[in-house]
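The values are calculated or read from the model by the stated rules, or taken from the named source; none is laboratory data. Since this is a predicted model, take the numbers as computed values, not measurements. Because the Cβ atoms are built from the backbone with ideal geometry, glycine has one as well, and the counts that use them run over all protein chains shown. Surface areas here come from the heavy atoms of the whole protein model, side chains and all, with no ligands, DNA or RNA. Shrake-Rupley method; radii C 1.70, N 1.55, O 1.52, S 1.80 Å.
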Amino acid sequence: MKKNLTLLVASGIAFMLMAFIAENQNDPWPVPDKYQKMANPVKSDAASIASGKELYAQHCQSCHGKKGKGDGPKADQLDTECGDFTSAAFQKQTDGALFYKTFEGRKDMPSYKKKISDQNDIWAIVNYMRTLK
Ligand code: HEC
């Protein structure tokens, strides 16, 4: 009887731990091959980084934060973590992957397919996100 109780408590703790981890970590976000290898058509120069910065401040900063740390004023109200644009894991992704995630969105992350109608503007934001490390 006592053994059963210990087992019950242990599995209860394990369950809570798993639920906690699941809640605090986003699912992997697979990127289709087509986007993974897509070349960035917008040159990363001072002009595109400046326009990317402006668009970022307008559309992204409220959640992702001024420096891309995921600590914008809206971040606390979301169910999912915004991620950290300064992390090595984030910066390791291809330009095409960052473009895809911004273009399509997922859950709390809005799709910018329509909100930013010129795709080159999204590529300019990708160039800006590269400076956040
Ligand atoms: C309403 C809040 C919100 C806004 C506004 C927002 N994002 Fe996000 N973003 C998120 C959340 C939440 C995630 C994590 C989504 C997930 O993993 O399901 C995310 C994820 C991402 C990712 C993938 C991060 C990773 O680690 O791979 C990129 C890239 C991204 N956002 C770019 C942008 C860009 C660029 C903009 C502006 C054009 C933007 N986001 C605006 C909330 C937001």
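Side notes on the structure shown:
- Residue list for the stretch 69-123, filter: among the small types (Gly, Ala, Ser) and at positive phi: Gly70, Gly83, Gly105
- The listed residue being within 12 Å of the ligand (Cβ to nearest atom), open to solvent by less than 50 Å² (accessible area, probe 1.4 Å) and outside any helix (DSSP H, G or I), out of Gly96, Gly83, Gly52: Gly83
- Among the residues of the stretch 60-78, the one identified as open to solvent by 50 Å² or more (accessible area, probe 1.4 Å), touching a residue at least 12 places away in the same chain (Cβ under 8 Å) and in contact with a helix residue (DSSP H, G or I) (Cβ under 8 Å, 6 or more places away or on another chain) is Lys74.
- For the stretch 63-77, a residue qualifies if it is in a helix (DSSP H, G or I) and within 13 Å of the chain's Cα centre (by Cα), and the qualifying residues are Cys63, His64, Ala75.
- Residue that is nearest to the ligand (Cβ to nearest atom) [pool: residues in the stretch 115-133 that are open to solvent by less than 40 Å² (accessible area, probe 1.4 Å) and in a helix (DSSP H, G or I)]: Ile125
- Apart from one condition, Asp71 fits all of (1) within 11 Å of the ligand (Cβ to nearest atom); (2) farther than 20 Å from Trp123 by Cβ; the exception is (1).
- Residues in the stretch 99-114 that are open to solvent by 30 Å² or more (accessible area, probe 1.4 Å) and near the ligand (Cβ under 7 Å from one of its atoms): Lys101, Arg106, Lys107, Asp108, Met109, Pro110.
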